[in-house]
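**Student:** Starting off with a structure, shown below.
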Amino acid sequence: MKIYTKTGDQGETSLLGGKRVFKNCVEMEAIGEVDELNSFLGTLISYLDEKFDIEKKSLQKIQNKLFNLGSNLAAVQTDLVKIPKIKDNDLEFLENNIDEMSIELPELTQFILPGGSVTASLAFQARAVCRRAERVIIKLDQHYELETNIPKYLNRLSDYLFTLARYLNKKESIAEVTWEK
C-alpha cells in the first residue's frame, strides 16, 4: 500500500466513514492539534532515560488514548459506534498519576516559569500544545456535541503534563524558577 493517495491534492480529506471535508475545517484542526500533542509526547519519551521507565510507560499509554480521542474527533459527523471512547477510568489514570507525583513536590505558592531540564521543558511545551488542542476541541464541541470525556481528558492531561514537568525537575534536582512580577 502506498502512503500517498493523491486524494487530498485539492485541499480535502476524508473523515472516518468517508465524509470529505476541507483540511482546514474545525474537525481537522482539532485532529491536527491532538496529533501534534502526540508527537510532542513521543519526543519527550525519546529524551527520558531508564530511570523514568514508569513515566515512559504512562506517556505511551496516554499516546494510545490520544489516538482513541482522535478517532472520536474523526467520527464526529458519523453514526459509527465502534470507536474506542475516553472513559472515566482514563481520567482517573491521569488523576492518580498527578496525585502520586504531587506527593514528592513542594506546594505551589506562586507561578513558576516553564523550563529546567530538557525533559521538563519538553513536558511544559507539550502542556502548551495540549492547552491549544483543548481550545480547538472546545470550538469543535460548539459545532458538534462531543463525548463529555474528550475535553475533560485534555484538561486533565494538561494538569498531568504540568505536574510531570515539575516532577522531572525535582528528580533532576533542578530548582523551579518563580515568576517575578
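The values are calculated or read from the model by the stated rules, or taken from the named source; none is laboratory data. Owing to the predicted nature of the structure, the values given are computational and were not obtained by experimental measurement. When we count neighbours, we look across all protein chains shown, and the Cβ atoms used for this are built from the backbone with ideal geometry, even at glycine.
**Student:** Given (1) touching a Ser or Thr at 6+ places or on another chain (Cβ under 6 Å); (2) in a helix (DSSP H, G or I); (3) over 22 Å from residue 70 (Cα atoms), where does residue 131 come up short, assuming only one miss?
**Tutor:** Tallying (1) touching a Ser or Thr at 6+ places or on another chain (Cβ under 6 Å); (2) in a helix (DSSP H, G or I); (3) over 22 Å from residue 70 (Cα atoms), residue 131 fails exactly one: (3).
**Student:** Among residues belonging to region 117-133 that are among the aliphatic types (A, V, I, L, M) and closer than 18 Å to residue 105 by Cα, point out the one that is surrounded by the fewest Cβ atoms within 10 Å (Cβ to Cβ).
**Tutor:** My answer is 120.
**Student:** Residue pairs, Cβ under 8 Å, 6 or more apart or interchain, first in region 108-137 and closer than 15 Å to residue 155 by Cα, second modelled with pLDDT under 95 and of a type in the set (D, E, K, R). List them.
**Tutor:** 136/29
**Student:** When both residues are 6+ apart or on different chains and their Cβ atoms are under 7 Å apart, which pairs have a first residue that lies in region 42-69 and is touching a residue at least 40 places away in the same chain (Cβ under 8 Å), and a second that is crowded, with 16+ Cβ neighbours inside 10 Å and not in a helix (DSSP H, G or I)?
**Tutor:** 55/48; 65/86; 69/86
**Student:** How about region 66-96: which of its residues are surrounded by fewer than 14 Cβ atoms within 10 Å (Cβ to Cβ) and polar (S, T, N, Q)?
**Tutor:** 78, 89, 96
**Student:** Here is a follow-up. For residue 105, work out the one condition from (1) within 20 Å of the chain's Cα centre (by Cα); (2) touching a residue at least 24 places away in the same chain (Cβ under 8 Å) it doesn't fulfil.
**Tutor:** Result: residue 105 passes all but (1).
**Student:** Could you go through region 98-121 and let me know if any residue there is of a type in the set (A, V, I, L, M, F, W, C), on the phi < 0 side of the Ramachandran plot and in contact with a Pro (Cβ under 6 Å, 6 or more places away or on another chain).
**Tutor:** Scanning region 98-121 turns up no residue that is of a type in the set (A, V, I, L, M, F, W, C), on the phi < 0 side of the Ramachandran plot and in contact with a Pro (Cβ under 6 Å, 6 or more places away or on another chain).
**Student:** Within region 134-158, work out how many residues are assigned to a helix (DSSP H, G or I) and crowded, with 16+ Cβ neighbours inside 10 Å.
**Tutor:** 15
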